[in-house]
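Heads up, the thing below is written out as structure tokens.
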Amino acid sequence: MTGEPTARALEGTPGVSYVMPVLNEAGHIERAVRSILAQEYAGPKEIVLALGPSTDGTDEIVARLATAEPRLRSVRSPSGRTPAALNQAIRASRHPVIIRVDAHTELEPDYTARGVATLLRTGAADVGGLMAAEGRTGFQRAVAAAYVSPLGLGGAAYHSGAPEGPAESAYLGIFRRDALEAVGLYDETFWRGQDWDLCLRLREAGHVIWFDPQLRVTYWPRTSWGSLVRQFYAAGIWRAELARRHRQGKSLRHFLPPVLVAGLGAGAAGAVLTAAGATRNWPAWLKAPAAASALVPAGYAAGLVAAAATAPQQLSLPDRLRLMAVLPSIHISWGLGFLRGSLLGAGTTVDTGRRKS
């Protein structure tokens with residue numbers, strides 16, 4: 001449980017500081033900032049953007065917004081890495097509630113008011129809600145559908161929804177500043193997966209992470225195949241790094257994509273060898289597994305067809321076809337990344353997709 005002194009520290013409508021890491025987000029940053037400015041919350045508010053070395057005109061957009069809005073400030077984040085940028089923004093902020101926002105997200109008007117009320121009501125150190133992925137283009141709509149598909153990301157409550165209550169981790173997060181500072185903010189050695197690591201350290205310190213399904217954040221996925229693959233390849237690598245460093249970082253669902261990659265590889269090899277007659281003289285105990293492995297790709301393809309057929313009704317036929325390609329793009333890139341991270345560690349892997357879209 002959270003400590004009573006922390007729970008008593010916040011009352012009424014405490015001031016909130018929105019912190020956001022920003023790198024090459026010219027296509028998203030203005031909508032994200034305006035969704036913050038439109039928050040229906042009576043307490044004091046400020047926005048602190050940590051600006052990485054963008055090359056797409058993001059800084060010019062932020063400068064224009066800051067000229068018209070005195071509550072908007074920015075700090076420089078030379079590395080452009082998310083955890084370092086978040087820490088810089090938090091240190092530059094001043095209010096007792098920290099609300100993490102991403103440039104690819106847009107907040108519902110009541111997000112802050114409900115989130116702070118939940119923080120006060122539960123005494124939690126961190127509150128999060130649903131990540132509601134949406135798309136403007138056919139590709140984005142397919143990726144958004146993959147996020148909530150049973151064959152897609154799965155696992156975390158903030159993707160698929162769950163009853164309100166304690167959770168393992170939270171999407172973005174509405175934090176008590178004192179709890180964040182007590183655990184040392186974000187671990188800057190985790191270039192990805194820093195949110196899960198932070199939530200683990202908060203829980204180990206005796207705090208509660210709380211999921212509120214009424215909190216909804218619109219998330220706009222990547223806009224191209226290349227950036228999506230790079231995103232999930234890096235995510236797989238850093239998920240493996242989390243598992244290497246934290247015993248609690250292991251989950252059965254995290255091993256499914258690498259097992260799938262291995263199964264598809266074995267299935268393709270088995271199919272080729274069987275078709276070429278190379279297994280004709282193999283002993284039965286070896287020939288049967290080779291033949292059976294060829295069923296793995298067929299079974300996976302059937303699963304993709306089922307996922308596309310049962311996707312939300314608003315998806316068009318072209319979007320459903322795209323979904324059948326998006327899902328393996330996510331699974332295989334994440335699985336390859338996890339295998340690479342398990343064998344070699346994360347090293348200095350970055351999500352290069354953030355530098356491209």
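Pick out the one residue from A298, A269 that is assigned to a helix (DSSP H, G or I) and surrounded by 12 or more Cβ atoms within 10 Å (Cβ to Cβ). Just one listed residue meets the conditions, A269.
Of the set (1) closer than 19 Å to R192 by Cα; (2) open to solvent by less than 30 Å² (accessible area, probe 1.4 Å); (3) of a type outside the set (G, A, S), all apply to D102 but (2). Quick check on region 105-114. Is at least one of its residues open to solvent by less than 20 Å² (accessible area, probe 1.4 Å) and assigned to a strand (DSSP E or B)? Within region 105-114, one or more residues are open to solvent by less than 20 Å² (accessible area, probe 1.4 Å) and assigned to a strand (DSSP E or B). Scanning region 232-264 for residues that are closer than 11 Å to G335 by Cβ and charged (D, E, K, R) returns a single hit, R239. Going by the structure shown, is P70 surrounded by fewer than 19 Cβ atoms within 10 Å (Cβ to Cβ), over 25 Å from G135 (Cβ atoms) and not hydroxyl-bearing (S, T, Y)? It is true that P70 is surrounded by fewer than 19 Cβ atoms within 10 Å (Cβ to Cβ), over 25 Å from G135 (Cβ atoms) and not hydroxyl-bearing (S, T, Y). Exactly one residue out of V350, V326 is part of a helix (DSSP H, G or I), aliphatic (A, V, I, L, M) and either closer than 30 Å to T55 by Cβ or at pLDDT 80 or above (or both): that is V326.
Restricting to region 272-290, what's the tally of residues that are open to solvent by less than 50 Å² (accessible area, probe 1.4 Å) and part of a helix (DSSP H, G or I)? Going through region 272-290 one residue at a time, the tally reaches 1.
Meeting the requirement of 2 or more residues that are under 20 Å from H104 (Cα atoms) and open to solvent by 30 Å² or more (accessible area, probe 1.4 Å), the helices (runs of 4 or more DSSP H) wholly within region 146-248 are 157-160, 225-245. Every condition in (1) over 15 Å from R192 (Cβ atoms); (2) open to solvent by 40 Å² or more (accessible area, probe 1.4 Å); (3) in contact with a Gly (Cβ under 6 Å, 6 or more places away or on another chain) is met by V261 except one, and the failing one is (2). Restricting attention to region 294-340, the residues that are hydroxyl-bearing (S, T, Y) and more than 13 Å from L151 (Cα to Cα) total 2. For region 41-57, taking the residues that are open to solvent by less than 10 Å² (accessible area, probe 1.4 Å) and small (G, A, S), the one that is nearest to H95 (Cα to Cα) is identified as G43.
The values are calculated or read from the model by the stated rules, or taken from the named source; none is laboratory data. What you are looking at is a predicted structure, and each value in this text was computed from that prediction instead of being measured. Note that we place each Cβ from the backbone using ideal geometry, even for glycine, and neighbour counts take in every protein chain shown. Calculation scope for accessible area: heavy atoms of the full protein, side chains included, ligands and nucleic acids excluded. Shrake-Rupley method; radii C 1.70, N 1.55, O 1.52, S 1.80 Å.
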